[in-house]
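Trainee: To start, I am sharing the structure in question, which I have written as structure tokens.
The values are calculated or read from the model by the stated rules, or taken from the named source; none is laboratory data. Here the structure is a predicted model, which means the values were calculated and not measured. Because the Cβ atoms are built from the backbone with ideal geometry, glycine has one as well, and the counts that use them run over all protein chains shown.
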Amino acid sequence: MWIAFIVTILSYQPLGGRDPAAFNLGVAILLLLVIVVSATFYALVDWHASRIMSSIKTLIAEEAAVIRDGKQQTISAKDIVVGDIVVLSMGDRVPADLRLVEISSDVRFDRSLLTGESDMIPGTLENTSMNALETRNLALTSTFVVQGTCRGVVFAIGDKSVMGRIIGMSGESKFKLTTVQREVWFFTKIISGLALLLFCVAMIVWATWLRTSYPTYETASEAIINSIGCLTAFVPQGLPVAVALSLTIVAKRMAKRNVLVKNLATIETLGCMSVLCSDKTGTLTMGKMSVQNVAFLDAQYRLDDLMAYEQEAPAPAGLSALHMVARLCNGAKFESGSDNVPVVERSVKGDATDTAVLRFAESLKIPSLGLDAVSLLASNEKLFEIPFNSRNKWMLTAVRELRSTAPSADDSEPAIWMLVKGAPDVLFPACTTVMQSNGSCLPFDHNARRRLLALQEEWSTQGQRVLALCRRSLNDVKLNMIHATSANDVEELMYAELQNLTLVSLVGIRDPPRADVPNAVAKIRRAGVRVFMVTGDFKLTALAIARQAGIVTQEKVDTLEQLRSTDGTTRFIGATPAEIKPNENDPIRALVLTGDDIETLEADDWDVVVGHYTEIVFARTTPEQKLRIVEQIKARGDNTVAVTGDGVNDAPALKASDIGVAMGSGSDVAKEAAAMVLLNNDFSSIVVAIEMGRLVFDNLKKVMIYLMPAGNYTEFIPVFANVFLGMQIALSSYLQVCFCITNDVVMSISLMYEKPEADLMLRKPRNARTDRLTDWRFFIQIYLFIGLMMWPCAMSMWFLYMKQQGLGFRDVILVYDKWTDGYKGYSIAQLTHFVSVGQCTYYVAMVFMQYGGLLSVRNRRVSILQSNPLWGPRRNLVVPLGMIGTALIAVVNLYGPGLQDVFGTAPIPGMFWGIPFAFALGILTMDEIRKAIVRAYPRSIVAKMAW
């Protein structure tokens, strides 16, 4: 457009001579207007994208836990002031710059947002560097606590923080082109290069042949203006605007469904999704856990049975030890100020598992055993704690019973206990005794282990998460100087003493699947997307939830042993990575792997996992293993991988995936790493996201097929005839540009509001590497079908009008410089008027033929009779509005006095307003016949050429 503008200005001055044509200046101004409008529009799109980013940022670090007046309370992060003591735990985003004053031994920070380094940084109380970004005794704004807990004093907030100063220096990030925009840009570069080549050829032909052989045919200024048609005709000026506007419209649709995307690129990528790796807790399940069962070696109880002991006696004595471990070895805490609220309604800060155990322990009050959470907390002092993390899969707390203030004859040291809560398969090897319901202990022998493992499997197959509660006495361990010992030394001691435990009980926790998940999974699978579960939970629990969610439907589920003995081990020998994927005719196969299995997988094993199985559950995985799973799937089968999650342990996989999807209620780390956030935690929103991503691609293809036959092909033919066949140009440069940026854009907007076609979610996912926006079928539809009907029809209007003026075909073509005063008895004024009216007939024919073109591209296969725009399931009232709008633009162009004076437009005879409607009907009819053949003969050559 800049090239066209510059050469048009040159054709006005200095090449226009003493009396330059106002038409040339008008075209130059119009081209400049196109450039300004396009730039303004892109600025608005950029602004819209920045607004979406701002809305994402409002989700993060909205609140902070602080200690004021000796009490912990939750306040808005923006209300933090210097001097506040902030309490942070795993998953929190640091709301201000803090100096650490209290830390757990395993506290770790993610500073990748500031430093770009992905390694976790341990926290210390001592200064380790003079550089604020290097020292480990600071927690910096916008970094994350990925492990452990800590407290810190605020020393800088807002613009005074390290992050604030960096933002002030670096500014905002730039808007990036989407995948589709890059592809369209590539296509536009080819078209633009071809247009520039044809412009140069036209000018060379004029300079070397026409200027010498027909010296009065065209002046240099006229040659430039007419050749400008090569630039304006081949470059679809409305296409970039249509692309960006289409993405923006779909982004707004998704926002209305509570789906926020951080950039427009995410939208189109969603349509390519071929594998969805979903976390379990909080994503597939409600994340609202509750204790359902507890079991000792010799008895198990439902929650209702235990609550009955509040009034009845005697209660099993073993409940005292269970209550102690459940309440004191717990990483969750009740928010202050909620003491008078019922336990089930009290606000809790902590993860879902700890929250369930906390509510259970708090509500367990048995007078006969003296069980009461308040007195238990008052009579015990916490000495040390190792919080739960996804590697250990357990939490450890050391407590000391407080001495009574009353005098006692017993001068023995107060009891010190190690309390441990975690995964049974991890803690069972550390246990040597097991408790019965009466409080007595027996050796944890083979029979006892087998009995409890069977119970764990039974609960797990019901979808319950099973925890083991253990303890041991530390009275024989010297812990008197624990407060004076470094945290690292105490931690090493606790690891060393994690043995000879007593298994107190098992606890079964239920986290029901979200109600919308089974239906959503079924729709996602029908769309050709494989859904895998990737969780840190126990294998049988994960498999049970996967069955309930519809992720696993097969009775037979393979394990690592069957995987390595299947015929799939030889199937992919010598195959390229793109070929490693299930075939359409393959049976559905299911597989379950644990984290230990993943550690042993070789490249050939991964080929079988990714290429042979449709249903997979990855259980007991660590964050590193989740990341490895995503990377291995992405490396095979041309997969576009999406990952859903809500926890800290999901963040590495979310960031590494093609599309990270976080839940709105998830951790700040997860939302920061994800590309998309489901604000209402609705898993079914993923179905909407996939559909919208596919709809973007579909509608963009329709827009391009609509724009190109008229806005590219039909506009170029008059330029070709003028330069090479010596005919007066049948469509002026003004009408070419005006048609592209007004008529075409107004009509194409209706395509952006098209609803998804019926089979959209039944198609296979688009392969982002091989399935291009423009392919050979696309060009056949444009140049050999629709375009091949449009330009002869439009040109026939030009010749028909000239015939009515007494100028036959041979009187119009190959005329060159004969078109001058006295030609065929007409004055130059009459001949000029004939050209002006003829150009307008050509323009009007294009305008109304596009009615047929628009109605043709609305559907790829379905007839207009089942998808008309006025009523029914495919109703789109923007279509008739666009038709009215483009007709009004044509009327203004032909009858506007100012436009007539500057650009030489003129009214046309009434019949030329009516005939093009017949052409439009003909184009629509021909396309209806093509669609009927495609539907009736899906294997015919016509069907294979269908776009």
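Trainee: Looking only at residues that are assigned to a loop (DSSP other than H, G, I, E, B), charged (D, E, K, R) and surrounded by fewer than 19 Cβ atoms within 10 Å (Cβ to Cβ) in the range 563-585, which one is modelled with the lowest pLDDT?
Mentor: Asp567
Trainee: Could you name every one of the strands (runs of 3 or more DSSP E) located completely within the range 54-134 that has at least 2 residues being touching a Ser or Thr at 6+ places or on another chain (Cβ under 9 Å) and modelled with pLDDT of 85 or more?
Mentor: The qualifying strands (runs of 3 or more DSSP E) are 63-68, 71-76, 85-89, 97-103.
Trainee: Would you confirm whether or not the range 517-527 contains a residue that is out of contact with any strand residue (DSSP E or B) (no Cβ under 9 Å at 6 or more places or on another chain), part of a loop (DSSP other than H, G, I, E, B), farther than 30 Å from Pro429 by Cβ and assigned by TED's automatic domain parsing to the domain that holds Met435?
Mentor: So far as the range 517-527 goes, no, none of its residues is out of contact with any strand residue (DSSP E or B) (no Cβ under 9 Å at 6 or more places or on another chain), part of a loop (DSSP other than H, G, I, E, B), farther than 30 Å from Pro429 by Cβ and assigned by TED's automatic domain parsing to the domain that holds Met435.
Trainee: Out of all the residues in the range 868-927, which are under 36 Å from the mean Cα position of the chain (by Cα) and outside any loop (DSSP other than H, G, I, E, B)?
Mentor: The answer is Val878, Val879, Pro880, Leu881, Gly882, Met883, Gly885, Thr886, Asp927.
Trainee: Further, regarding this structure: Would you confirm whether any residue within the range 432-447 is under 49 Å from the mean Cα position of the chain (by Cα) and outside any strand (DSSP E or B)?
Mentor: no
Trainee: Suppose we filter Ile915, Ile889 for residues that are in contact (Cβ under 8 Å) with a residue 60 or more places away in the chain, within 20 Å of Gly787 (Cβ to Cβ) and either surrounded by fewer than 22 Cβ atoms within 10 Å (Cβ to Cβ) or in contact with a Gly (Cβ under 6 Å, 6 or more places away or on another chain) (or both); which single one remains?
Mentor: Ile915
Trainee: Here is a further query. Check whether at least one residue in the range 481-489 is assigned to a helix (DSSP H, G or I), among the hydrophobic types (A, V, I, L, M, F, W, C) and in contact with a Ser or Thr (Cβ under 7 Å, 6 or more places away or on another chain), and report yes or no.
Mentor: The answer is yes, given that some residue of the range 481-489 is assigned to a helix (DSSP H, G or I), among the hydrophobic types (A, V, I, L, M, F, W, C) and in contact with a Ser or Thr (Cβ under 7 Å, 6 or more places away or on another chain).
Trainee: Right, another one. In the list Ala662, Ala730, which residue meets the criterion of being free of Cβ contacts under 8 Å to residues at least 24 places away in the same chain, among the aliphatic types (A, V, I, L, M) and not in a helix (DSSP H, G or I)?
Mentor: That would be Ala662, the only listed residue that is free of Cβ contacts under 8 Å to residues at least 24 places away in the same chain, among the aliphatic types (A, V, I, L, M) and not in a helix (DSSP H, G or I).
Trainee: Looking at (1) within 20 Å of Lys701 (Cα to Cα); (2) free of Cβ contacts under 8 Å to residues at least 12 places away in the same chain, which one does Leu855 not meet, given that it meets all the others?
Mentor: Going through the list (1) within 20 Å of Lys701 (Cα to Cα); (2) free of Cβ contacts under 8 Å to residues at least 12 places away in the same chain, Leu855 breaks only (2).
Trainee: Could you say whether any residue in the range 320-336 is crowded, with 16+ Cβ neighbours inside 10 Å, over 22 Å from Cys470 (Cβ atoms), assigned by TED's automatic domain parsing to the domain that holds Leu419 and without any contact (Cβ under 8 Å) to a residue 40 or more places away in the chain?
Mentor: Scanning the range 320-336, I find at least one residue that is crowded, with 16+ Cβ neighbours inside 10 Å, over 22 Å from Cys470 (Cβ atoms), assigned by TED's automatic domain parsing to the domain that holds Leu419 and without any contact (Cβ under 8 Å) to a residue 40 or more places away in the chain, so the answer is yes.
Trainee: Let me ask something else. Tell me which residues, restricted to the range 642-684, are at pLDDT 85 or above and surrounded by fewer than 24 Cβ atoms within 10 Å (Cβ to Cβ).
Mentor: Answer for the range 642-684, where residues must be at pLDDT 85 or above and surrounded by fewer than 24 Cβ atoms within 10 Å (Cβ to Cβ): Asp658, Ser684.
Trainee: Checking Leu731 against (1) farther than 27 Å from Arg211 by Cα; (2) crowded, with 22+ Cβ neighbours inside 10 Å, which test does it fail?
Mentor: (1)
Trainee: While we're looking at this one, here's another question. Only one of (1) surrounded by 23 or more Cβ atoms within 10 Å (Cβ to Cβ); (2) at pLDDT below 85; (3) over 29 Å from the mean Cα position of the chain (by Cα) is not met by Met708, so which one is it?
Mentor: So the condition that Met708 fails would be (2).
Trainee: When you check Gly550 against the structure, is it at positive phi and touching a residue at least 24 places away in the same chain (Cβ under 8 Å), yes or no?
Mentor: Answer is yes for this residue.
Trainee: Report, by residue number, each residue of the range 838-866 that is surrounded by fewer than 21 Cβ atoms within 10 Å (Cβ to Cβ) and of a type in the set (A, V, I, L, M).
Mentor: Val862, Ile864, Leu865
Trainee: Could you check how many residues of the range 611-659 are of a type in the set (S, T, N, Q) and part of a loop (DSSP other than H, G, I, E, B)?
Mentor: The qualifying residues number 6.
Trainee: Scanning for something modelled with pLDDT of 75 or more and among the aliphatic types (A, V, I, L, M), does the range 159-176 turn up at least one residue?
Mentor: Yes: one or more hits.
Trainee: Considering the range 692-743 alone, what residues qualify as being farther than 30 Å from Ile524 by Cβ, touching a Leu at 6+ places or on another chain (Cβ under 9 Å) and of a type in the set (Val, Ile, Thr)?
Mentor: Selection gives Thr714, Ile717, Val719, Val723, Val737, Ile741.
Trainee: Out of the range 737-753, which residues are modelled with pLDDT of 85 or more and touching an Asp or Glu at 6+ places or on another chain (Cβ under 8 Å)?
Mentor: Phe739
Trainee: Has the range 333-342 got any residue that is assigned to a strand (DSSP E or B) and aromatic (Phe, Trp, Tyr)?
Mentor: Checking the range 333-342: at least one residue is assigned to a strand (DSSP E or B) and aromatic (Phe, Trp, Tyr).
Trainee: Taking the criterion of being in the same structural domain as Asp305 (by TED's automatic domain parsing), more than 30 Å from Asp279 (Cβ to Cβ) and in a strand (DSSP E or B), would at least one residue in the range 450-468 satisfy it?
Mentor: no
Trainee: So which of Ile749, Ile741, Ile717 ends up being in the same structural domain as Ala890 (by TED's automatic domain parsing), within 30 Å of Asp658 (Cα to Cα) and surrounded by fewer than 24 Cβ atoms within 10 Å (Cβ to Cβ)?
Mentor: Result: Ile749 is the single residue among Ile749, Ile741, Ile717 that is in the same structural domain as Ala890 (by TED's automatic domain parsing), within 30 Å of Asp658 (Cα to Cα) and surrounded by fewer than 24 Cβ atoms within 10 Å (Cβ to Cβ).
Trainee: Going through the range 490-531 one residue at a time, which ones are touching a Phe, Trp or Tyr at 6+ places or on another chain (Cβ under 7 Å) and either at pLDDT 90 or above or β-branched (Val, Ile, Thr) (or both)?
Mentor: Once the filter is applied, which keeps residues that are touching a Phe, Trp or Tyr at 6+ places or on another chain (Cβ under 7 Å) and either at pLDDT 90 or above or β-branched (Val, Ile, Thr) (or both), the range 490-531 yields Val490, Leu503, Ser505, Gly508, Val517, Ala520.
Trainee: Now, a different point. Counting only residues that are touching a Leu at 6+ places or on another chain (Cβ under 7 Å) and at pLDDT below 80, how many does the range 316-340 have?
Mentor: The qualifying residues number 0.
Trainee: Determine which single condition Ile588 fails, assuming it passes every other condition in (1) surrounded by 18 or more Cβ atoms within 10 Å (Cβ to Cβ); (2) under 28 Å from the mean Cα position of the chain (by Cα).
Mentor: With (1) surrounded by 18 or more Cβ atoms within 10 Å (Cβ to Cβ); (2) under 28 Å from the mean Cα position of the chain (by Cα) applied to Ile588, the lone miss is (1).
Trainee: Given the criterion modelled with pLDDT of 85 or more and not assigned by TED's automatic domain parsing to the domain that holds Val844, identify the matching residue among Leu760, Leu725, Leu731.
Mentor: Leu760
Trainee: Within the range 621-630, is even one residue on the phi < 0 side of the Ramachandran plot, among the hydroxyl-bearing types (Ser, Thr, Tyr), in the same structural domain as Leu276 (by TED's automatic domain parsing) and surrounded by 24 or more Cβ atoms within 10 Å (Cβ to Cβ)?
Mentor: Yes.
Trainee: Just checking, which of Ala313, Ala373, Ala398, Ala352 is in the same structural domain as Pro424 (by TED's automatic domain parsing) and at pLDDT 90 or above?
Mentor: Exactly one of Ala313, Ala373, Ala398, Ala352 is in the same structural domain as Pro424 (by TED's automatic domain parsing) and at pLDDT 90 or above, namely Ala398.
Trainee: Here is a further query. What do you reckon, is Thr644 in contact (Cβ under 8 Å) with a residue 24 or more places away in the chain, in contact with a strand residue (DSSP E or B) (Cβ under 9 Å, 6 or more places away or on another chain) and among the β-branched types (Val, Ile, Thr)?
Mentor: Yes; evaluated as a whole, the condition is true for this residue.
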